[in-house]
Amino acid sequence: MMLLPIIFCLLVVQFCEVSNAGVTSRYVRKLEASVDMPKQCFPPPPGFNAPEQVHITQGDHVGRSMIISWVTPIHHSPNVVAYWEAAAAGGHHGHKHKVHAKTTTYRYYNYSSGFIHHATIRRLKYDTKYFYQLGKHDVSRRFSFRTPPKVGPDVPYTFGVIGDLGQTYDSNQTFEHYVSNPKGQAVLFVGDLSYADNHPFHDNERWDIWGRFVEKSTAYQPWIWAPGNHELDYAPEIEEYMPFKPYMHRYHVPYKASKSTSPLWYSIKRASTYIIVLSSYSAYGKYTPQYKWLEQELAKVNRSETPWLIVLVHSPWYNSNTYHYMEGESMRVMFESWFVKYKVDLVFAGHVHSYERTERVSNIQYNITNGLSMPVKDASAPVYITIGDGGNIEGLASSFTEPQPSYSAFREASFGHAILEVKNRTHAFYTWHRNQDNEATAADSTWFYNRYWYPHEEPK
Ligand SMILES: *[C@@H]1O[C@H](CO)[C@@H](O)[C@H](O)[C@H]1NC(C)=O
Ligand SMILES: *[C@@H]1O[C@H](CO)[C@@H](O)[C@H](O)[C@H]1NC(C)=O
Ligand SMILES: *[C@@H]1O[C@H](CO)[C@@H](O)[C@H](O)[C@H]1NC(C)=O
Ligand SMILES: *[C@@H]1O[C@H](CO)[C@@H](O)[C@H](O)[C@H]1NC(C)=O
Ligand SMILES: *[C@@H]1O[C@H](CO)[C@@H](O)[C@H](O)[C@H]1NC(C)=O
Ligand SMILES: [Fe+2]
């Protein structure tokens, strides 16, 4: 079918105004509600019961396993993944390994899911390309991925960073931009995937559509998932009481490998990075499982092995947009002093549908009597990046607090994604790409210096 092209009217007034230390970009995009792409844009793949919605993620703590997930809409089988090393003698006619999936289904209001399969393939070689195949005969589908290099302090690795993607025409632009950039090897996804819950009765078919929409990246490189509020799907009005039900059935993560007791918070090592995923929507007060886990987890990080300590959490702690202002505050109060103590390098958050990067600041002196509540420059503090600008149906958050707080280095209300290029134990290069520019243009870019190995101030 023909789709009416959506015409974006861009009002490109592009100059920047410097206030205090930070920059509020004056780039203004015409604000209009983002519209979800019609369901028909993402039909199931051809063939009876063909495997669809294929996605992969790291399956262990160090990168030698991969979780392969897919859906078969009608039958329980095929529930097997075949895989083989790309360079092996004889190619795909060589020795194939097979792993059976664990298969699950769920119901949500009047929706019944297809058969959701998760297979963990283990003992892979580092830095090696593999093919894998799902289904049989004429309805089989083949994909590939490359495992990460062995964990080590100077291993370069490049991540895409995307948040709050949704499935609008804007989401498509963000996603296509990321896919067209050959640099990204894995994606750090900071929560809010499909926005199915913005549809009547949380229309869970929108979860299926989203799975098909992102497949051309998620089937080929791991997306590291963090949960957002749009994964909650808590809807007592339609008798859906189990938080995260669709998300937890569809997106498996290797949480047990980091001794977590919940898929909503966990950690992985990948190349020279140690990535900690937190849940803004699970208990984090003192004595809670997440609190106790994080307390032990941070102490385990060995910066001689993984110099880069990166946290993903949906609700930002430092964000100067009026939208969701201070929602992350209670978690900041609980955990910020640990982030400073353990010299976390970077914290990526989503939730707020605009882009913002902070200075290295902390606000941990406060106790209930001393009145010390202002963030201060702190060389041991992370840079906080809010990148909830994937392009979802709720539109942009264009209203910033004024004046720009001194902790805010750069902020702009545009959709986009980022690329984080870790070079070695001391240097990482970071760029944020707004959708209205071509991929080569970075609207915000900076070097990050590692807090453990090279705790100098980054150049402006
Ligand atoms: C679910 O219920 C809604 C509202 O009654 C209806 O529009 C929709 O078609 C139903 N879906 C299914 C799969 O039955
Ligand atoms: C998504 O973007 C790609 C690349 O620009 C384009 O080919 C495709 O038609 C878009 N999809 C929709 C539904 O607009
Ligand atoms: C930290 O990692 C380095 C490099 O892999 C290793 O030599 C060292 O033994 C580790 N330290 C601890 C306490 O495990
Ligand atoms: C609160 O902070 C003040 C000033 O830093 C300090 O003197 C006081 O001991 C603190 N109170 C507690 C209970 O830690
Ligand atoms: C680390 O990478 C940066 C940027 O590419 C480079 O300038 C620096 O010399 C590298 N450090 C080492 C020890 O190789
Ligand atoms: Fe959110």
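A few comments on the model shown:
- Charging the Cβ of each Asp and Glu at -1 and of each Lys and Arg at +1, and nothing else, the dipole of segment 71-134 about its Cα centre rounds to 160 debye.
- Annotation: extensible slack from Glu237 through Lys377 equals 45.8 nm (criterion: 0.36 nm per residue apart, minus Cα-Cα distance).
- Segment 88-206 - Debye-derived log10 I(q)/I(0), Cα point model, q = 0.18 Å⁻¹: -1.30
- Apportionment of accessible area to carbon and sulfur, the chain, percent (1.4 Å): 56 percent
- Extension gain, Asp127 to Asn181, is 17.5 nm, computed as 0.36 nm per intervening residue step minus the present C-alpha separation.
- Ordering of 61-71, 394-404 by packing [mean C-beta count within 10 Å, highest first]: 61-71, 394-404
- Between segment 327-363 and segment 61-83, the C-alpha centres lie 35 angstrom from each other.
- For the residue pairs Lys125/Lys259; Lys245/Lys292; Lys292/Lys377; Lys245/Lys286; Lys136/Lys259, alpha carbon separations beyond 32 Å are given by Lys136/Lys259.
- R0 of 41 Å, Cβ-Cβ distance Arg146-Thr288: FRET efficiency to nearest 0.05: 0.65
- Mean accessible surface per residue for the chain, computed with a 1.4 Å probe while every protein chain stays in place, in Å²: 41 Å²
- The packing ranking of peptides 453-460, 220-227, highest mean first, is 220-227, 453-460, where packing means the average number of other beta carbon atoms within 10 angstrom of each residue.
- Put simply, when 148-156, 175-183 are sorted by average Cβ atoms within 10 angstrom per residue, most first, you get 148-156, 175-183.
- Where the Cα pairs of segment 357-454 fall when distances are cut into 5 Å bins, in %: 2, 11, 17, 19, 18, 15, 10, 5, 2, 1, 0
- Electrostatic dipole magnitude of the chain [Cβ: Lys, Arg +1; Asp, Glu -1; Cα centre; debye, to 20]: 2020 debye
- Built from the Cα atoms of segment 254-342, the convex hull projects on average onto 6.0 nm², one quarter of its surface area.
- Counting only the Cα atoms, segment 144-216 fills a convex hull of 106 Å³ per residue.
- Annotation for segment 120-189 versus segment 196-262: alpha-carbon center distance of 18 Å.
- Helical runs assigned H by DSSP (4 residues or longer) give the chain a calculated mean residue ellipticity at 222 nm of -3500 deg cm²/dmol, each run adding -39500 (n - 2.57) before division by the residue total.
- A Cα-only calculation for segment 179-265 places Rg and Dmax at 14.1, 45 Å.
- Solvent-free Debye scattering, log10 I(q)/I(0), computed from the Cα coordinates of the chain at q = 0.09 Å⁻¹: -0.57
- For segment 234-301, the fraction of C-alpha pairs farther apart than 21 angstrom is 32 percent.
- For the pair Ser399 and Thr322 in one chain, pulling the backbone fully straight at 0.36 nm per residue adds 27.1 nm over the alpha carbon distance.
The values are calculated or read from the model by the stated rules, or taken from the named source; none is laboratory data. Owing to the predicted nature of the structure, the values given are computational and were not obtained by experimental measurement. Cβ: placed from backbone, ideal geometry, glycine included. Neighbour counts: every protein chain shown. Quick note on the areas: whole protein, heavy atoms, side chains included, nothing else; ligands and nucleic acids left out. Shrake-Rupley method; radii C 1.70, N 1.55, O 1.52, S 1.80 Å.
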